1. Need the failing condition index for B:Ala69 against (1) within 9 Å of chain A (Cβ to nearest Cβ); (2) farther than 28 Å from A:Glu279 by Cα, just the number.
2. Between B:Ala151, B:Ala205, which is without any contact (Cβ under 8 Å) to a residue 60 or more places away in the chain and in a helix (DSSP H, G or I)?
3. Quick one: is B:Gln89 farther than 21 Å from B:Ser183 by Cβ and either buried (at least 16 other Cβ atoms within 10 Å of the Cβ) or touching a Ser or Thr at 6+ places or on another chain (Cβ under 8 Å) (or both)?
4. Does A:Arg468 satisfy being at pLDDT below 70 and either farther than 30 Å from A:Arg122 by Cβ or outside any helix (DSSP H, G or I) (or both)?
5. Looking at segment B:73-141, what helices (runs of 4 or more DSSP H) fall wholly within it and have at least 2 residues that are away from chain A (no Cβ under 14 Å) and under 30 Å from B:Asn59 (Cα atoms)?
6. When residues of segment A:8-55 are filtered for being among the hydrophobic types (A, V, I, L, M, F, W, C), part of a loop (DSSP other than H, G, I, E, B) and closer than 25 Å to A:Glu374 by Cα, how many remain?
7. Report, by residue number, each residue of segment B:72-96 that is touching a Lys or Arg at 6+ places or on another chain (Cβ under 9 Å) and among the β-branched types (Val, Ile, Thr).
8. Out of A:Arg334, A:Arg370, I need the residue that is away from chain B (no Cβ under 14 Å) and within 29 Å of the chain's Cα centre (by Cα). Which one?
Amino acid sequence: MRLCIVGIGGCGGHLAERFLKNQDLTLLKKSLGEHVSFGGVKGLWLEADVQETENQDFFGPLDRGCYPGFFIPHDVIGSESKTSKLIVERYGYDVKKQGFMRQAEFLKAVFEIFESDEDVKRAALSEHESENPILRSAWDRIRPYTTLAGSKDNNNGSEMCDGILFIISLGGGTGTGFVNPVTRYIRSERPAYPVFVLGVLTEEGTDPQQRAKEAKRDLGATISLYDLLTKRVGVGVDGVIVIDNQIMVEKFGQDYSAIDDYIHQAMRPFVAGRHYPGEDPPSLAMREKFIEGLDRPPVLVPCYWREKRIKDPEENLVKRALSEGRLFGCDPARAEMAYVFTRGFVSLDKIVEAVARQTGLAEDRIEPWRKLGENHADEILILLRNPYGEERGCEVKGNLEYRLHRVIRMALRYMDDPESNLVSEGMPDPTKRALEDYFYGDGGVRDRLKEGLERIEKGDKPFFLDERRIFERSSRDSGIAELHGVGRKVGDDEIRRLVEEEVRKVLAERGI
Amino acid sequence: MNGLNETIAGAQAVEISPPSGLVPQGLTNFLAELYSNGLLGLALFLLLLALGLALHRLNMKRTYERVAATTKGGEVSRDELREEMFIRQGANFNAAAVTAWMLLFAAFGYFYFLTPEIFPRYNYYQVPALASGPLGFAAFGFVVLLLALGAAAFIPREFYGYYELSRKMKVAIMLTGPVLAISIFLSVQQGTTFPQVEQASRLLAFLALFASELELLWPVYAEALGGMR
């Protein structure tokens, strides 16, 4: 397994930097040789804010041949672009906007417009030779690092990435808004290509960096999680690894650099090379294991521990990882499966037995992958699949349900706050109607989040059910059609009746 | 010629300038004893190398045994394991490491075999054509580098390819290059001022040489030391 690390947005960029840091020596930050990252990963940073890219010196402009590079996808749309003007006039969205300041629905809306509005598609096609130039340009920058690269870029496939790990902050910014559309775009080309997401849920209270209130960020996080977790397998991502920054802040204070370092350290067993002989699964195998028996992507809670090498370390490693090393609150006993990545010398049987003992999982629900370690330490990363589902579990502090219940409640509170101005007065009427319907309409986000809260309280899995879009669904989407803002809703019975009538008519015309 | 060397070596005794007071007298005397004893120096140099090689083999063996012990059936392909263990350290580091190893051998050659005071019978002055030529020192170094090339090309790959090296460790290994260059420079200076011997320079060149050798072998030693716990 070799992953392509794609950081999206500010947080994604900071974390991707840790993953992509050159392990080779550099002189004045310049390397004469090939860039060597830990685990052989490759990747890039997608950002929407030019200023953010100017405030750092790790990533260089990808289009100037820099590696590691950043890319601003919406730069492909020129300022005088017909497509851009059409979208502004018709929907009130400026695709050239710098950054998205905790507005998860902004990018969601923009990409839905590209997917569903035939005029926009035509304009984009004539100008950019693509119906969705922003996503296409982003994918065009990612693809060369993957096994899907053309023969020009593909070094016989040996050094290429066979899966993608998107790294985002679940705070409503660029990462939140971009990850779903870009995954959809990749899926339209390769439905089975492994795509995982590492999402960092922002901490409680006001974000000191962006001064965004918790409730606003929580709405962004909720929308993003909702979209990530309700896409069908083969349409959306193959697993959402969640990290709670609240836990990190309690551990490291406001030292975000130390937090980023720790998150990277915790994920090292996942991305590391140096497998035990014969235990190097391709990302595709990992994907199959992650989604086994599911029709929607799972939530994966990482639990990490590292300690100096001792004899028979398995029991202690597992115990400490599941108790002190959780990167998101959860009840390990509720997990459906456990994916175990170790670095060091551990016995396969003992590690499976230890995880089974500590979680109550059957041994066939535990998938271990071992790698060689370093510096006389043993490490373990356990990804617990969907470790929630207890009735009234949301009342137990430290549970996944508890945290998500709070996030969703805060999101609902923000939606109901008249000051939040989610449906801005300055927007054109169709957009206002669509947003009104999306947020507050019958079966809109508010209804669905309330339903989600109820499901969490009852201990139902999954807690989010059906995908919800702002605008009409595009023809590419394989889901059930929904109309928002225009027309009326059509029930299953009515569709059945209409189809039967049409079939009868055709048969009658043919004299059958 | 041998007689001449012995005469020169004997003459140096009266021309030795005392080392600076940076190091305590007892230690200075001990080190002076150490670096002026050619056979001891040679033995120490080779011992450190041989120990590094032996510990590297031990580390590899230990890794194999641990992997085998934690593998069902206890059977692991050694070749496959070696392949998995191998880590690309980067072209810049590899270049720096090869250079440092070549400089290590060159510094060793310059320290012990340039002037006749340590090995009166085996040194640069024994080859009059070289010693009296305008590029004699450089030619001497070039010959040593050529001799060291084979070993230097092989050793870094073998010694560093199987260990996770932190960037700090890599920087430390890279810095042995300049340190060894200082050692060479000081030895060359000794060669040009010979038969006068500057003890402080000699000591510094000696320390730079052996500290660098230790640093270059440190990843292997550290792994072995940690593995003993």
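1. Result: B:Ala69 fails condition (2) only.
2. Of B:Ala151, B:Ala205, the one residue that is without any contact (Cβ under 8 Å) to a residue 60 or more places away in the chain and in a helix (DSSP H, G or I) is B:Ala151.
3. Spelling it out, B:Gln89 is indeed farther than 21 Å from B:Ser183 by Cβ and either buried (at least 16 other Cβ atoms within 10 Å of the Cβ) or touching a Ser or Thr at 6+ places or on another chain (Cβ under 8 Å) (or both).
4. Taking the combined requirement at face value, the residue does not satisfy it.
5. Qualifying helices (runs of 4 or more DSSP H): B:91-113.
6. 3
7. B:Ile87
8. Just one listed residue meets the conditions, A:Arg334.
The values are calculated or read from the model by the stated rules, or taken from the named source; none is laboratory data. Because the structure is a prediction, the values reported are computed rather than measured. Methodologically, a virtual Cβ is constructed for each residue, glycine included, from the backbone with ideal geometry; neighbour enumeration extends over all protein chains shown.
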